[in-house]
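Everything below concerns the one structure shown next.
The values are calculated or read from the model by the stated rules, or taken from the named source; none is laboratory data. Remember, predicted model here, so these are calculated numbers, not experimental data. All Cβ positions, even for glycine, are placed from backbone atoms using ideal geometry, and neighbour counts span all protein chains on display. SASA here: full protein model, heavy atoms, side chains in, ligands and nucleic acids out. Shrake-Rupley method; radii C 1.70, N 1.55, O 1.52, S 1.80 Å.
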Amino acid sequence: TTTTTMTTTPPDTDPDTAALESDLREGFFSDPPTVPPRWFYDEKGSLLFDQITRVAEYYPTRAEAEILRARAVDIVGASSTVVELGAGTCEKTRVLLDVLAAGRAAGTQGTPEAPGAEAPGETGQGEAGPGEARFVPVDISTEMLFESARALAQEYPGVRIDPVIGDLTALDGPLPGEPGGRLVLFLGGTVGNFSESQRAGFFSMLRGIMDPGDRLVLGFDLVKSPERLVAAYDDAAGVTTEFDLNMLDVIARTVECAGLDRRDFRHEAVWNAGESRVEMWLRAVRDVRIDFPTLGRVRTLAAGEGIRTEIARKFEPHALVDELAGHGFGGQAVWTDAAGDFGLALVVV
Ligand code: AVI
């Protein structure tokens, strides 16, 4: 059982507390109870995810890196600004930044900026000149974002690094960079973690902030054997189990609650063929009663009942390009890795 502790700061002063309370109100008291996957990613969860990308069963990261290596020049094209949504450690982006930096150094595009012409901006780098190579990593995790931005600034002196803290599903206003010269990246297959309506909303939001000529590159996981799909979300070493259970610790720490204990749950990954998605569940191993005093709600789960913590939709190769066409994006290319496990779509406004 969890005991509530007295704190000097009222919990509702923390924006995370308010956001999680709102998410719980929306999904935790319905059937089945759900929690949005963003609550996996506290510091420990982000480290665990990083570990997941290296377990043998989790192929998407390696497959996507293979495509990025093979297609980097086609992907970057004549873009001057690369905007990466959900950038995280920016690890997979380096292969694209190499191309961006090399293209700019060779003077293939744009005009070099007059020295001294810039006003110092927040990052100390001033306004970007036309055609100047620029990388804009966007993420909600501030610490990781600034850490990787600092490292990239050292590695790529010719590329202006402009990190943006933000919820990538709710971007508003114009994107940084020259209209028509932007490359927007949404990698890793995160698009699969959206519901159908979230995905539609995301695509139309993107179309609203992109200009004619701007490119979008989307990484997505492909339908394959249920055995391999389930194994990718339930690795033998138990890293994904720990990642899933960690969400309960995040909840217990972020909102006031009693009776929430990770030992009452086990991780489960299932293939839902009808919805073409892997689902992650935390299944109660005994009857559970969780009390949320600040929400004025109690959630009971009978042994065997589950909390759905993530959906990971898997696509047919051309499904997303077709869908994006309905949002005003023109299909340019769909690439897969040699094994045909993962896909990358390039579309243009
Ligand atoms: C971030 N996202 C693309 C991962 C996925 O594969 O759906 C999250 C993940 N969950 C469990 N393993 C990985």
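Could you look through segment 264-281, keep only residues that are in contact with a Leu (Cβ under 7 Å, 6 or more places away or on another chain) and either farther than 21 Å from G45 by Cβ or within 13 Å of the ligand (Cβ to nearest atom) (or both), and pick out the one that is most open to solvent (accessible area, probe 1.4 Å)? My answer is W271.
Hey, among the residues in segment 50-69 that are basic (K, R) and farther than 19 Å from E242 by Cα, which one's most open to solvent (accessible area, probe 1.4 Å)? Step by step, filter segment 50-69, then rank; the result is R69. Taken over segment 153-170, the criterion of being aliphatic (A, V, I, L, M) and either in contact with an Asp or Glu (Cβ under 6 Å, 6 or more places away or on another chain) or free of Cβ contacts under 8 Å to residues at least 40 places away in the same chain (or both) is satisfied by A153, I161, V164, I165, A170.
Going through I165, I140 one at a time, which residue ends up being away from the ligand (no atom under 16 Å from the Cβ), aliphatic (A, V, I, L, M) and under 25 Å from L47 (Cβ atoms)?
None of the other options fit; the residue is I165.
Do we find a residue being assigned to a loop (DSSP other than H, G, I, E, B), within 12 Å of the ligand (Cβ to nearest atom), under 14 Å from the mean Cα position of the chain (by Cα) and in contact (Cβ under 8 Å) with a residue 60 or more places away in the chain anywhere in segment 23-37? Looking through segment 23-37, none of the residues is assigned to a loop (DSSP other than H, G, I, E, B), within 12 Å of the ligand (Cβ to nearest atom), under 14 Å from the mean Cα position of the chain (by Cα) and in contact (Cβ under 8 Å) with a residue 60 or more places away in the chain.
Close contacts from segment 128-152, counting a first residue that is modelled with pLDDT of 75 or more and a second that is open to solvent by 50 Å² or more (accessible area, probe 1.4 Å) and charged (D, E, K, R), with Cβ to Cβ under 6 Å and a gap of 6+ residues or different chains, come to E132/E113; I140/D167. Among the residues examined, R150 does not qualify as closer than 17 Å to V348 by Cβ, more than 16 Å from the ligand (Cβ to nearest atom), open to solvent by 10 Å² or more (accessible area, probe 1.4 Å) and among the charged types (D, E, K, R).
Give the residues of segment 315-342 that are of a type in the set (G, A, S), surrounded by 15 or more Cβ atoms within 10 Å (Cβ to Cβ) and assigned to a strand (DSSP E or B), sorted by residue number.
Within segment 315-342, G331 is the sole residue that qualifies.
When residues in segment 202-224 are screened for being away from the ligand (no atom under 16 Å from the Cβ), open to solvent by 10 Å² or more (accessible area, probe 1.4 Å) and either under 26 Å from A269 (Cβ atoms) or in a loop (DSSP other than H, G, I, E, B) (or both), 3 of them pass. Among the residues of segment 242-260, the ones that are touching a strand residue (DSSP E or B) at 6+ places or on another chain (Cβ under 8 Å) and either closer than 20 Å to D291 by Cα or away from the ligand (no atom under 15 Å from the Cβ) (or both) come to 9 in all. Of all residues in segment 66-84, those that are of a type in the set (K, R) have Cβ atoms under 6 Å from Cβ atoms of residues that are in a helix (DSSP H, G or I), 6 or more apart or on another chain, in R69/V95. Per the listing A284, A303, A312, A345, the residue uniquely open to solvent by 40 Å² or more (accessible area, probe 1.4 Å), of a type in the set (A, V, I, L, M) and in contact (Cβ under 8 Å) with a residue 12 or more places away in the chain is A303.
Taking the stated definitions as given, is G181 crowded, with 18+ Cβ neighbours inside 10 Å, in contact (Cβ under 8 Å) with a residue 60 or more places away in the chain and within 15 Å of the ligand (Cβ to nearest atom)?
no
Being within 16 Å of the ligand (Cβ to nearest atom) and not in a helix (DSSP H, G or I) is a property that does not hold for L175.
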